[in-house]
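Visitor: Take a look at this one; I'll ask things after.
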Amino acid sequence: MPARAEPTYRLDLEYDGTKYHGWQEQTNASTVAGEIRAAAERAVGAVLDLQGAGRTDAGVHALRQVAHLRLAAPIDPAILRLRLNDALPSDIHVLGVGSAPRGFHARHSAVARSYLYQVARRRTAFAKRFVWWVKRPLDAREMAASASLLAGRHDFARFTERPGEQPSTIVVVERVAVDEQGSLVLIRIVASHFVWKMVRRIVGTLVEIGAGGATRDELLALLAGERLGDPEAAARWTAPPSGLFLERVLYEGDPPLGPLAPAFGVAAEPQAAIPRPVAGRERA
């Protein structure tokens, strides 16, 4: 008789990555995958395999990460979700659990990934962990025009850490969109896959262009691998992880992405009226 395949479940997750050392499990550091594995072991016993669709870096968040979980014995998906959420810390939440078809792999089965970055134009008391506050004025139209140059097949060697250690630095970018909403400048990048720190370095470069510190020609030079100006510019302009979200992981047959929208809004800051002195009235 053929060996029985271990039951596999698809987990859809959201998490605040602020206090974690990324998704990937590590021996001496707290990670998102490590917390999920520990919760699953407490909830259902031995875990045979746990892998995510995107290996988010330290401090990076997810609106809808996807992982597969292989177990030794089957369990009702609804019960599994309840048990996992009961065992997980409050900054990691399982949105849904479903039985996955045989051969499903969260990373290898994905056809595209979408990342969202939030740049704040003002200081915020509530969303500091989820934005990058840029004090310099930004030209969002120039950022959008520059972002359109990134679509297509390019070598992102200048936009990754230790490119020699990457299997390949060639990435096909489906699209890059820039939009203004409230006091936020939103940047969405959709591609088949990403190399390490690629999204944060693209965002940093676009912000530098929007602030007038760089030009479209410098962006094109970095994509072409030319040594125009500062060859390490993209590294110096790397955006912090706080504003970055894994927005969605797309699989064959999935509906398209919706309109670009903030993960957490930051309303435009109202201009306070300056009180005028009243003639003949003494100051209190």
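Just so you know, all these numbers are worked out from the coordinates, no wet-lab data involved. For clarity, every value in this text was computed on a predicted model and none was experimentally measured. Here the Cβ positions follow ideal geometry from the backbone for every residue, glycine too, while neighbour counts run over all protein chains shown.
Visitor: From Cα pairs below 8 angstrom and at least 6 apart in sequence, can you work out the relative contact order of the chain, rounded to a whole percent?
Guide: Reported relative contact order: 21 percent.
Visitor: So, one more: Give the order of TRP133, TRP237, TRP23 when sorted by the count of other beta carbons within 10 angstrom, beginning with the fewest.
Guide: Listed from fewest to most nearby Cβ atoms, that is TRP133, TRP237, TRP23.
Visitor: A further question follows. Work out from phi, with θ = phi - 60° and the Karplus expression 6.51 cos²θ - 1.76 cosθ + 1.60, the ³J(HN,Hα) of each residue of segment 164-174, listed in order in whole Hz, and give x for Gly and Pro.
Guide: Per-residue couplings from phi come out as x, 8, 8, x, 7, 9, 7, 9, 9, 8, 6 Hz.
Visitor: Which of TYR9, TYR20 has the fewest other C-beta atoms within 10 Å, and how do the rest follow up to the most?
Guide: By the 10 Å Cβ count, ascending: TYR9, TYR20.
Visitor: Now for a different question. Which residues' amide hydrogens lie under 5 Å from the amide hydrogen of VAL111, considering only partners 5 or more residues apart or on another chain, with H built in the peptide plane?
Guide: LEU250, TYR251, GLU252
Visitor: In whole Hz and in residue order, list the ³J(HN,Hα) couplings for segment 31-43 that follow from phi through the Karplus curve 6.51 cos²θ - 1.76 cosθ + 1.60, θ = phi - 60°; x for Gly and Pro.
Guide: Whole-Hz 3J(HN,Hα) from phi for segment 31-43: 10, 5, 5, x, 5, 5, 4, 4, 5, 5, 5, 6, 7.
Visitor: If the only charges are +1 at each Lys and Arg Cβ and -1 at each Asp and Glu Cβ, what is the size of the charge dipole of segment 44-127 around the Cα centre, to the nearest 20 debye?
Guide: 400
Visitor: Here's a follow-up. Dipole magnitude of segment 110-251 about its Cα centre, charges +1 at Lys/Arg Cβ and -1 at Asp/Glu Cβ only, in debye to the nearest 20?
Guide: With only Lys, Arg, Asp and Glu charged at Cβ, the dipole is about 580 debye.
Visitor: Still on this model: What Kirkwood radius, in Å to one decimal, follows from the Cα pairs of segment 179-273?
Guide: The Cα-based Kirkwood calculation yields 15.5 Å.
Visitor: Right, here's the next one. Using the per-residue mean of other Cβ atoms lying within 10 Å as a proxy for protection, in what order, highest first, do the peptides 182-189, 89-96 fall?
Guide: Put in order of decreasing packing, that is 182-189, 89-96.
Visitor: Quick one: compute the contact order of segment 110-251, relative version, from alpha carbon pairs under 8 angstrom and 6+ residues apart, as a percent.
Guide: Value for segment 110-251: 38 percent.
Visitor: Also, I was wondering about something else. Using just the helices of the chain, give the 222 nm mean residue ellipticity in deg cm²/dmol: DSSP H runs with n ≥ 4 each add -39,500 (n - 2.57), and the total is spread over all residues, rounded to 500.
Guide: -6000 deg cm²/dmol
Visitor: Whose amide H sits under 5 Å from the amide H of THR8, counting only residues 5 or more places off or on another chain, with H placed in the peptide plane?
Guide: ALA100
Visitor: Please compute P(r) over all alpha-carbon pairs of segment 110-251, binned at 10 Å starting from zero, and give each bin as a whole-number percent.
Guide: Spelled out per bin, shortest first, that is 12, 46, 34, 8, 0.
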